[in-house]
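One structure below.
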Amino acid sequence: MRNIRLTIGYDGTDFYGWQTQPGFRTVQESLEKAIGTLTGEQARLNASGRTDTGVHALGQVANFYTNTRHPPDVLIAALNANLPDDVVVRAAAEMPQAFDANHDAKRKLYRYVIHDGPVPDLFLRRYYCQSRHRLDVTAMRQAAQPLRGCHDFHSFETDWPNRASSVRTITHLGVNRFEDWIWLDVEADGFLYNMVRAIAGTLINVGRGYWPVSKFEEILKAEDRREAGPTAPAKGLFLVRVVYE
């Protein structure tokens with residue numbers, strides 16, 4: 001059997017997350033249905049990770065095993081012809097049998113998008129979090145500094161514990177602005193449940209002047225989700241890329 005890797009993009013607004021769940025529309029179910037239509041097989045996609053309801057992806061990665069002989073370019077065209085408009089296969093490649101999209105992932109980059117202009121953007125409203133307050137990006141950038149490196153991120157994990165350990169390593173964290181748009185980029189070796197959205201919600205509190213720049217150091221030391229800010233809305237979150245060796 002061939003092991004096929006797919007790079008996938010989707011608008012998560014109308015999906016009940018990535019993972020197949022009976023009675024709900026999910027990204028995994030839509031893709032597996034399209035693969036079945038093309039190959040006549042009951043494929044099972046193995047993703048780099050699960051995204052929650054309303055979260056978007058530019059570069060989700062998944063793999064599946066198949067007997068089909070279609071080359072990658074044909075797979076891309078045929079799958080996209082059978083997929084709904086809010087999910088697309090961006091790339092396909094045949095991989096070694098041992099490749100595992102989940103276990104082999106080394107890092108992931110998520111982006112959280114915020115708009116703090118006086119007038120919300122009507123046509124992009126499904127893809128950002130609207131702040132009613134003008135945010136201080138310099139303060140947000142300074143506040144986020146302590147998160148870089150290896151830490152216990154228990155304070156930014158919803159419904160703890162979800163994993164055996166809440167220790168993760170953030171390799172890149174950036175806060176940037178262009179006009180009325182702010183984006184938070186977080187790359188790490190792994191993420192906890194709602195981790196990026198909790199970081200974003202906490203940074204928004206700093207940006208509006210509700211909390212001091214030093215707040216993140218206190219939150220990390222507390223290892224208590226109640227000490228951090230609110231979980232920001234899912235619609236502002238994008239899985240940008242998954243990095244493999």
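List of remarks:
- Verdict on S155 being farther than 16 Å from I114 by Cα, at pLDDT 95 or above and outside any strand (DSSP E or B): yes
- Restricting attention to the range 81-97, the residues that are farther than 16 Å from W18 by Cβ, in contact (Cβ under 8 Å) with a residue 24 or more places away in the chain and surrounded by fewer than 17 Cβ atoms within 10 Å (Cβ to Cβ) add up to 7.
- Selected residue [farther than 23 Å from A198 by Cβ, out of contact with any Gly (no Cβ under 7 Å at 6 or more places or on another chain), touching a residue at least 12 places away in the same chain (Cβ under 8 Å) and not assigned by TED's automatic domain parsing to the domain that holds H133] from A43, A77, A62: A62
- Checklist (1) more than 18 Å from the chain's Cα centre (by Cα); (2) crowded, with 17+ Cβ neighbours inside 10 Å; (3) in a helix (DSSP H, G or I); (4) not hydrophobic (A, V, I, L, M, F, W, C) applied to G201, failing item: (1)
- Of all residues in the range 31-42, exactly one satisfies the criterion of being surrounded by fewer than 18 Cβ atoms within 10 Å (Cβ to Cβ) and in contact with a strand residue (DSSP E or B) (Cβ under 8 Å, 6 or more places away or on another chain), namely E41.
Residue-wise test of (1) in contact with a Pro (Cβ under 6 Å, 6 or more places away or on another chain); (2) closer than 15 Å to T7 by Cα; (3) in a strand (DSSP E or B); (4) not polar (S, T, N, Q).
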position: L38; (1), (2), (3), (4): no, no, no, yes
position: T53; (1), (2), (3), (4): no, no, no, no
position: L58; (1), (2), (3), (4): no, yes, yes, yes
position: F64; (1), (2), (3), (4): no, yes, yes, yes
position: N80; (1), (2), (3), (4): no, yes, no, no
position: D85; (1), (2), (3), (4): no, no, no, yes
position: R90; (1), (2), (3), (4): no, yes, yes, yes
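- Counted residues, the range 99-141 - those being surrounded by 15 or more Cβ atoms within 10 Å (Cβ to Cβ) and part of a helix (DSSP H, G or I): 5
- Subset of the range 182-222 (residues that are of a type in the set (A, V, I, L, M) and more than 17 Å from I114 (Cα to Cα)): A188, L192, V213, I219, L220, A222
- Counting only residues that are within 19 Å of R141 (Cα to Cα) and either part of a helix (DSSP H, G or I) or of a type in the set (S, T, Y) (or both), the range 222-245 holds 2 of them.
- Criterion violated by S166 - all others in (1) at pLDDT 95 or above; (2) in contact with a Leu (Cβ under 8 Å, 6 or more places away or on another chain) satisfied: (1)
- Subset of the range 193-233 (residues that are among the polar types (S, T, N, Q) and without any contact (Cβ under 8 Å) to a residue 60 or more places away in the chain): T202, N205
The values are calculated or read from the model by the stated rules, or taken from the named source; none is laboratory data. It should be emphasised that the depicted structure is a prediction, and the values quoted were computed from it without experimental measurement. Don't worry about glycine lacking a Cβ; one is built from the backbone with ideal geometry, like all the others, and counts go over all protein chains shown.
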